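Take a look at the structure set out below.
The values are calculated or read from the model by the stated rules, or taken from the named source; none is laboratory data. The structure displayed is predicted, hence computed values, not measured ones. Note: ideal-geometry Cβ built from the backbone for every residue, glycine included; neighbour counts use all protein chains shown.
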Amino acid sequence: MTQLSGERALLVSSDGHATAQMREYIPYIDPAMRAEFEAFCDVFDREGMTTVNPKSLANRIDPELVQEWIDTVIETGRLAGQHDPERRLKELDHEGISAEIIFPDFGLPWELHPPLVAAILGYQRTPAQVEAANRAYNRWLVDFCGTAPERLHGLAVVSFADVEETIKEIHWAKENGLKGIVLPAFSEARPLFHRDFDPVWSALEETELPVSTHTAISSISDHLPAAMLQAVPDPACAAPLMTAQAFFFTQQILGHAVWGGVLERHPGLHLVLTEQGSGWVIGAVRGWDYSWGQSYLRRDVRKVVKEKPSVYYERQVHMGSSLFSKAEAEARADIGVHKILIGSDYPHHEGTWGAGPGTTEYMQATLGAARVPVEDARKMLGGNALETFHLDGTALRAVADRIGTPISTLLREPTKEWFPRGDVHKPLLSAW
């Protein structure tokens, strides 16, 4: 199918974030813990911050960029879409995005600081707080997405701590219109391939809910390297050290799912790897195939991993490619054109919508610069997401015809360098 004159792109962002303002969670908190949470809200009012707070951003980016963020995003009210669905829809319209897959962000109940600061300070929530927070967030998210259920598609947060309760929450999420779950950080003593969790994976197969992972949310380890971060020679060194570890621990979830036999035992389980780069899977899967077939690895591993790892990757894995780089666009065939789901990462500074002129120019700087043909672009921009998350393509085509950007515009080669910094020119195999 070739490019059609005037066709508007059906763009589904595979990576967006939404959280309530902290006190908005109060009616969603279990009654037995509501007084405790209200007391926490008083503390949050004095000390708390979210990922997009200027104080939090100052830990990661230069002062002039923080000020630019304040002037162009905060002061103009664009961040309100994080908790206000009507404002969120205006942001999506402005960027030409028809629908969005929505993850949590930092700022869930009892989260006082983003992970970098929390790790340095040694701040952690109790297990009871985590469970109550997850339930409250999921119920708030259903109401948030209910404003435009054809466009806003939430992912439930679950802890896996109590298998029976996790399964109940999965069925609740399905019944209430959420489109999948987000994996948590697992204990190293009880990894995700532990047989205790097989009933959870079976429930996800039964409900046909895909499982998403996201850097700094999902991990093979729940250990935060507080001592290492406290010892850095300068605060600026903390972000690259922690980020590298966070990406590695998130990317290793795929290895655990393959070599731990999860994808073999549960062939109907689908895994979406979001905001952890895409290019790394090329070498990882090829390397695992070599280990399985040609290395000195013991052959009895095949009792658990019965197929080459690339078989599981092809059958069950999808790449939430946020943020997408030009190098990844050029390597799309090796990653798998049918696997790539592009994301805008609202409301984070590095997203396609925030730090530069916008999503249109970001697509030109990546897809356009890589001369991606329209057939490939249709899949990566939205077609793959429709299939992976079981979205209503007819309804979203109508949205795209109303607010979408002409696909010919998105695929135009850039005439200006809009993104001298950020992910556009990130090397293919770099985690950050």
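Within the option set E111, E165, being touching a Ser or Thr at 6+ places or on another chain (Cβ under 9 Å) and farther than 25 Å from E100 by Cβ holds for one residue only, E165.
Only a single criterion out of (1) modelled with pLDDT of 95 or more; (2) touching a helix residue (DSSP H, G or I) at 6+ places or on another chain (Cβ under 6 Å); (3) buried (at least 22 other Cβ atoms within 10 Å of the Cβ) is not satisfied by G16, namely (2). Within the set A333, A398, the sole residue that is without any contact (Cβ under 8 Å) to a residue 24 or more places away in the chain, over 27 Å from V211 (Cβ atoms) and either among the aliphatic types (A, V, I, L, M) or touching a Phe, Trp or Tyr at 6+ places or on another chain (Cβ under 6 Å) (or both) turns out to be A398. Number of residues in the stretch 32-47 that are hydrophobic (A, V, I, L, M, F, W, C) and either closer than 16 Å to A20 by Cα or in contact with a helix residue (DSSP H, G or I) (Cβ under 7 Å, 6 or more places away or on another chain) (or both) equals 5.
Within the stretch 42-60, restricting attention to residues that are surrounded by fewer than 18 Cβ atoms within 10 Å (Cβ to Cβ) and of a type in the set (A, V, I, L, M, F, W, C), the residue that is nearest to H349 (Cα to Cα) is A58.
When D30, D62, D45 are screened for being under 23 Å from G354 (Cβ atoms) and acidic (D, E), only D62 passes. So which residues in the stretch 47-79 are modelled with pLDDT of 95 or more and basic (K, R)? Answer for the stretch 47-79, where residues must be modelled with pLDDT of 95 or more and basic (K, R): just R78.
Inspect all residues belonging to the stretch 279-291 and state whether any of them is farther than 29 Å from L155 by Cα and polar (S, T, N, Q). Checked the stretch 279-291: at least one residue is farther than 29 Å from L155 by Cα and polar (S, T, N, Q). Residues in the stretch 68-86 that are over 28 Å from D143 (Cα atoms) and surrounded by 12 or more Cβ atoms within 10 Å (Cβ to Cβ): E68, W69, I70, T72.
Would you point out the residue of the stretch 122-132, among those that are touching a residue at least 40 places away in the same chain (Cβ under 8 Å) and at negative phi, that is farthest from the chain's Cα centre (by Cα)?
Filtering the stretch 122-132 down to residues touching a residue at least 40 places away in the same chain (Cβ under 8 Å) leaves 122, 124, 128-129, 132.
Going one step further and asking which of them are at negative phi, we end up with 124, 128-129, 132.
Numbers: Q124: 22, A128: 25, Q129: 23, A132: 22 Å.
By that ranking, first place goes to A128.
Filter the stretch 67-110 down to the residues that are without any contact (Cβ under 8 Å) to a residue 24 or more places away in the chain and either more than 20 Å from T359 (Cα to Cα) or in a loop (DSSP other than H, G, I, E, B) (or both), then identify the one that is nearest to the chain's Cα centre (by Cα). The selected residue is D84.
Do we have L10 as touching a residue at least 12 places away in the same chain (Cβ under 8 Å) and under 30 Å from E375 (Cα atoms) here? Criteria met by L10.
The helices (runs of 4 or more DSSP H) falling completely within the stretch 330-432 that include 2 or more residues that are surrounded by fewer than 17 Cβ atoms within 10 Å (Cβ to Cβ) and among the hydrophobic types (A, V, I, L, M, F, W, C) map to 393-403.
Hey, does the stretch 294-302 have a residue that's surrounded by 17 or more Cβ atoms within 10 Å (Cβ to Cβ) and not polar (S, T, N, Q)? Before the answer, list the steps.
Going through the stretch 294-302, the residues surrounded by 17 or more Cβ atoms within 10 Å (Cβ to Cβ) turn out to be none.
For the stretch 294-302, residues surrounded by 17 or more Cβ atoms within 10 Å (Cβ to Cβ) and not polar (S, T, N, Q): absent.
Hey, among the residues in the stretch 111-143 that are polar (S, T, N, Q) and part of a loop (DSSP other than H, G, I, E, B), which one's surrounded by the most Cβ atoms within 10 Å (Cβ to Cβ)? For the stretch 111-143, the residue satisfying everything is Q124. The sole residue among G146, G154 that is farther than 15 Å from F40 by Cβ, surrounded by 17 or more Cβ atoms within 10 Å (Cβ to Cβ) and at pLDDT 95 or above is G154.
Looking only at the stretch 23-49, how many residues end up being touching a Leu at 6+ places or on another chain (Cβ under 9 Å) and not small (G, A, S)? Show your work before the answer.
Filtering the stretch 23-49 down to residues touching a Leu at 6+ places or on another chain (Cβ under 9 Å) leaves 25, 40, 43-44, 47-49.
Still in the list and also not small (G, A, S): 25, 40, 43-44, 47, 49.
Selection size over the stretch 23-49: 6.
Summed over the stretch 234-277, the residues that are over 28 Å from A58 (Cβ atoms) and of a type in the set (D, E, K, R) give a count of 2.
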